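Q: This structure is in structure tokens; I'll ask about it shortly.
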Amino acid sequence: MIWLELGIMQRALIACVLTGFLTGLMGVFVVRMRLTAIGYSMSHGAFAGASLGVAISANPLVTAMLFASTTALFIGPIADKARLHADTITSIIFPLNMALAFIFLTLTPEIGLTSQVANVLWGSIISLTNTDMVYLVTLCAATMAIVHFAWKELFAIMFNRKQAEADGINAKPFIYLVIFLAGVVVTFSLKLVGGLLIYALLFNPAASALQLLEDMRKIIILSPLIGVTTNIVGLIVSLFLDLPVGSCIVLVSTVTFAILVLLSPKKRRKMENETLEVNH
Amino acid sequence: MISSKIAIKLEGVSTVYEGERRPAIRDINLTVEKNELVYVLGPNASGKTTLLETINGLLPIFHGKISVFGLDITTQGRRARCEIGYVPQDFMVEPGEPYTAFDVVMMGRYSKIGVLNKPDKRDHEQVAETMKLLEIENLARRPMGKLSGGQQQKVMIARALAKEPKILLFDEPFSNLDPESRENIPLLINTFHKEKEMTTLIVTHDLQGMLENCGRVVVINNGRVMVNDTPDKALEQWRSLS
Ligand SMILES: Nc1ncnc2c1ncn2[C@@H]1O[C@H](COP(=O)(O)OP(=O)(O)O)[C@@H](O)[C@H]1O
Ligand SMILES: [Mg+2]
């Protein structure tokens, strides 16, 4: 167990709660709208961008944001037009962003794994500042407001994009809104878990919640809760074992997902329903 | 004004799917007047689904022009689609999808409710009432994916009717229904068409469930309109064709 200054601990805890909430929330839309390829590529774009920021001594948040949005802007239309399969996109973009990130990191003035480079790679709670807390709180409020007001359309598009369009909903702006928000959330979560693992925060809680429940209104609440819980547990584990916090969070959330798959109440309930119907 | 009597107008319309050379429908000229009920018949792969999805602008037009209540579908498609209830062919949802039947029917009303607004009491009543008419009110809280094909088909019909659109487009809406519903639901559509003055286009490849107050039958084959006439005359020609 390592003991850190109270301020650092407080900020770490707040960051865990807020990023867990945000990634858990946006993850549901990313997964259900089949945007995982874009989310995945964007996450690693943010990583490459943050690396560039460190290398040229610019604000890594700004460069990460630029890279994430550039990746999304390129991939969105290309995927639409060329009908590229999601696997193809991620297979091409992931190594590209990694290659860029590693080049940027070796360009950093003090070559090697300086603490700044390490932060970008797997996150660090020590680097969290009070300003980061302000950003995260603002982002949380904005995201919740947007989701609240756009819920109806997002819900219909998640169900079926084509049918939503047939009913007179303009799907594209809402999909771009989700991509944009996911990009911002990923960028502001980078400091906690680092660029190599950030995607897991977007994907794991949503996948876990979808495994467990069959009502979208409950899923959209449970997924952020899972995100918050796994983040806090991961933080505690990392403090006890003195391991990188990002890795511990991902391990905890992977174990959570695995347990839920094994328990698979969805499958069990399905069987119960079927026997009920047979008995009728 | 003469144009106000016209609900749907297609002028020389051809649709080519991306990556294909041959148009799936070609040179279609078709006018549907307000309040008409038109059947579209044709063998498999003749272009019936393509015709419907071209009319509501889900597929880009390669050639020609379509207007729906005077709205050009290529430039004002979204506005036009707010007035169209569309029941797609063979729409099936996987088990475990987290949406209830009630949710799905309510989605039909979203464009009426408008961006930033939430469904109100009247929307809930309308959805409940429509589900009752289709005898699926007891399924309202069930997940859509756990319903049978016929039940899901009724949910999609309810979604289109609950929207209270000016135009209804049905793509083989009776294909998965049980025999009893195959009789009842066409009658229900009949009532909606008459009482709520909805212009209705029904695609089918068989003649089961033919409605008595169908004004006109269009037969398409190989992407072209072969027959466009009163039911009696159209069926005569349809039989001699097949
Ligand atoms: N997405 C598609 N891409 C390419 N060709 C298609 C597509 N959908 C349908 N077609 C072709 O267009 C023609 C008409 O299809 P469709 O409108 O579905 O016929 P129907 O509904 O009458 O059975 C068929 O030859 C079919 O193979
Ligand atoms: Mg068809």
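The values are calculated or read from the model by the stated rules, or taken from the named source; none is laboratory data. Given the structure is predicted, the values throughout are model-derived calculations rather than measurements. Cβ sites come from the backbone with ideal geometry, for glycine too, and all protein chains shown count toward neighbours. Each accessible area value is taken on the protein alone, full model and side chains, heavy atoms only, with ligands, DNA and RNA left out. Shrake-Rupley method; radii C 1.70, N 1.55, O 1.52, S 1.80 Å.
Q: Considering only segment B:121-139, how many residues are closer than 25 Å to residue A:165 by Cβ, more than 20 Å from the chain's Cα centre (by Cα) and open to solvent by less than 90 Å² (accessible area, probe 1.4 Å)?
A: Within segment B:121-139, residues that are closer than 25 Å to residue A:165 by Cβ, more than 20 Å from the chain's Cα centre (by Cα) and open to solvent by less than 90 Å² (accessible area, probe 1.4 Å) number 2.
For every residue, the table says whether it meets (1) among the hydroxyl-bearing types (Ser, Thr, Tyr); (2) within 10 Å of ligand 1 (Cβ to nearest atom); (3) under 22 Å from residue B:193 (Cα atoms).
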position	(1), (2), (3)
B:23	no, yes, no
B:33	no, no, yes
B:39	yes, no, yes
B:45	no, yes, no
B:57	no, no, no
B:61	no, no, no
B:65	no, no, no
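Q: Quick check: is even one residue across segment B:91-112 under 30 Å from residue B:66 (Cα atoms), more than 17 Å from the chain's Cα centre (by Cα) and either surrounded by fewer than 22 Cβ atoms within 10 Å (Cβ to Cβ) or more than 12 Å from chain A (Cβ to nearest Cβ) (or both)?
A: yes
Q: Additional query: Identify the residue in segment A:216-230 that is within 11 Å of chain B (Cβ to nearest Cβ) and β-branched (Val, Ile, Thr) and, among all such residues, is nearest to the chain's Cα centre (by Cα).
A: Per the criteria, the residue is A:220.
Q: Please state which one of B:156, B:144 is on the phi < 0 side of the Ramachandran plot, within 16 Å of ligand 2 (Cβ to nearest atom) and within 10 Å of another protein chain (Cβ to nearest Cβ).
A: B:156
Q: Same structure again: Determine, yes or no, whether residue B:169 is farther than 22 Å from residue B:98 by Cβ, open to solvent by less than 10 Å² (accessible area, probe 1.4 Å) and away from ligand 1 (no atom under 16 Å from the Cβ).
A: no
Q: Yes or no: residue B:118 facing another protein chain (nearest Cβ under 8 Å) and crowded, with 16+ Cβ neighbours inside 10 Å?
A: Considered against the rule, which asks whether it is facing another protein chain (nearest Cβ under 8 Å) and crowded, with 16+ Cβ neighbours inside 10 Å, residue B:118 comes out as no.
Q: Does segment B:16-27 hold any residues that are touching a strand residue (DSSP E or B) at 6+ places or on another chain (Cβ under 9 Å), away from ligand 2 (no atom under 13 Å from the Cβ) and either within 26 Å of residue A:164 (Cα to Cα) or not in a strand (DSSP E or B) (or both), and which are they?
A: Across segment B:16-27, the qualifying residues are B:16, B:23.
Q: Return only the number of the condition from (1) surrounded by 21 or more Cβ atoms within 10 Å (Cβ to Cβ); (2) touching a residue at least 12 places away in the same chain (Cβ under 8 Å); (3) touching a Pro at 6+ places or on another chain (Cβ under 9 Å) that residue B:68 does not satisfy.
A: (3)
Q: Is at least one residue of segment B:199-206 modelled with pLDDT under 85 and part of a loop (DSSP other than H, G, I, E, B)?
A: There is at least one residue in segment B:199-206 that is modelled with pLDDT under 85 and part of a loop (DSSP other than H, G, I, E, B).
Q: OK, next. Under 9 Å between Cβ atoms, which residue pairs at least 6 apart in sequence (or on different chains) link something in segment A:146-170 that is facing chain B (nearest Cβ under 7 Å) and more than 24 Å from residue B:167 (Cβ to Cβ) with a partner that is open to solvent by 40 Å² or more (accessible area, probe 1.4 Å) and at pLDDT below 95?
A: Close Cβ pairs satisfying both conditions: A:149/B:115; A:149/B:116.
Q: Can you run down the residue pairs with Cβ atoms below 8 Å, 6 or more apart or on separate chains, where the first is in segment A:43-57 and surrounded by fewer than 24 Cβ atoms within 10 Å (Cβ to Cβ) and assigned to a loop (DSSP other than H, G, I, E, B) and the partner is modelled with pLDDT of 90 or more and of a type in the set (Val, Ile, Thr)?
A: Pairs that qualify, where the first residue is surrounded by fewer than 24 Cβ atoms within 10 Å (Cβ to Cβ) and assigned to a loop (DSSP other than H, G, I, E, B) and the partner is modelled with pLDDT of 90 or more and of a type in the set (Val, Ile, Thr), are A:56/A:63.
Q: Any residue at all in segment B:140-151 that's part of a helix (DSSP H, G or I), without any contact (Cβ under 8 Å) to a residue 40 or more places away in the chain and over 27 Å from residue A:213 (Cβ atoms)?
A: No, segment B:140-151 contains no residue that is part of a helix (DSSP H, G or I), without any contact (Cβ under 8 Å) to a residue 40 or more places away in the chain and over 27 Å from residue A:213 (Cβ atoms).
Q: Given the conditions (1) more than 20 Å from residue A:13 (Cβ to Cβ); (2) buried (at least 22 other Cβ atoms within 10 Å of the Cβ); (3) touching a Ser or Thr at 6+ places or on another chain (Cβ under 9 Å), which single one is not true for residue A:220?
A: Condition not satisfied by residue A:220: (3).
Q: Give the residues of segment B:28-63 that are surrounded by 15 or more Cβ atoms within 10 Å (Cβ to Cβ), within 14 Å of chain A (Cβ to nearest Cβ) and away from ligand 2 (no atom under 16 Å from the Cβ), sorted by residue number.
A: Result: B:57, single match.
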